[in-house]
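These notes are about the structure you will find just below.
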Amino acid sequence: MTNTLEDNRPILEVCLTPALWDQHDPKDKNVVVIDIIRATSTIASALHHGVKKMIPVETVEEANTWLEKGYLVAGERDGIKIPHFHFGNSPFEFMGEDVRGKEIIHTTTNGTRCVLKSKGARNIVAGSFVNQDAIFDWIKKENRNTILFCAGWKDHYVMDDALFAGAVVRELADDFRIIDDSTLSAKLLYKHVRENMLRTVKQATHFKRLQRLGIENDIKFCMSNPQFDVVPIIDGVGFLKL
């Protein structure tokens, strides 16, 4: 059978949780890591406001070794700032003059772990609603098979990450192929709730879990669209502003 133009389009695929990551092969593909509340929103915000590099590490112990070397360190576990670190994981913590030009070690419960799982991909970028237009444009320009990797919560599905994946799929549906139900489901979810995303997310268990920590302003920010013109991309060590 002769290939059609549609057959030649690159593929967009959505990994809805890290528990499903083994079903995806990142080789020669781009990976967009998505941890809306809050890691990838924080990374995009930090780079937009002048942070030089956000360096993801998986464990608190590894972050501590960087802390002992004199680095600025940011991190949380279960949404709570690690007490002896300089910063937590709020995007608002990285908007001041004190972080401009700095390299910051960053460890989180979910998002940074997914960045490290993505090694082997052609490129790894951080996607969020706060930089969605830049991410849309970058994916389209790259024109390469792409995995949208939702960080979830401790291997469980969360709605906010899936909503962003759905926004990407819906925006790029004419340029990329959809070949699996995870990707189609994310697209349909976003289509049906895009006008009331925050209200919808407020019903989700992930929102309620984090709301109890008193970070509702962070959540509202992460679900908004300030449109920072930044694509955070891994240079082999950490996220730089592309």
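The values are calculated or read from the model by the stated rules, or taken from the named source; none is laboratory data. Note that the structure is a prediction, hence the values are computed from the model and not measured. Quick reminder, even Gly has a Cβ in these numbers, built from the backbone with ideal geometry, and neighbours come from all protein chains shown. What goes into the accessible areas is simple: the full protein's heavy atoms, side chains included, and nothing from ligands, DNA or RNA. Shrake-Rupley method; radii C 1.70, N 1.55, O 1.52, S 1.80 Å.
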Output the residues belonging to the range 194-226 that are open to solvent by less than 50 Å² (accessible area, probe 1.4 Å), under 22 Å from residue 109 (Cα atoms) and not in a loop (DSSP other than H, G, I, E, B).
201, 206, 207, 210, 218, 219, 221, 222
Tally of residues being in contact with a helix residue (DSSP H, G or I) (Cβ under 8 Å, 6 or more places away or on another chain), in contact (Cβ under 8 Å) with a residue 40 or more places away in the chain and of a type in the set (A, V, I, L, M) across the range 198-235:
8
Scope the range 227-242; condition part of a loop (DSSP other than H, G, I, E, B), in contact with a His (Cβ under 9 Å, 6 or more places away or on another chain) and open to solvent by less than 60 Å² (accessible area, probe 1.4 Å); matching residues
228, 230, 238
Taking the range 110-129 as the search range and keeping residues that are assigned to a loop (DSSP other than H, G, I, E, B) and over 12 Å from residue 35 (Cα atoms), which one is least open to solvent (accessible area, probe 1.4 Å)?
118
How many of the residues making up the range 62-103 are among the aromatic types (Phe, Trp, Tyr) and assigned to a helix (DSSP H, G or I)?
3
Has the range 130-151 got any residue that is part of a strand (DSSP E or B), touching a Lys or Arg at 6+ places or on another chain (Cβ under 8 Å) and farther than 15 Å from residue 14 by Cα?
no
Condition test on residue 161, is it charged (D, E, K, R), in contact (Cβ under 8 Å) with a residue 60 or more places away in the chain and in contact with a strand residue (DSSP E or B) (Cβ under 6 Å, 6 or more places away or on another chain)?
yes
Considering only residues that are open to solvent by 20 Å² or more (accessible area, probe 1.4 Å) and touching a residue at least 60 places away in the same chain (Cβ under 8 Å), look in the range 80-100 and name the one that is nearest to the chain's Cα centre (by Cα).
92
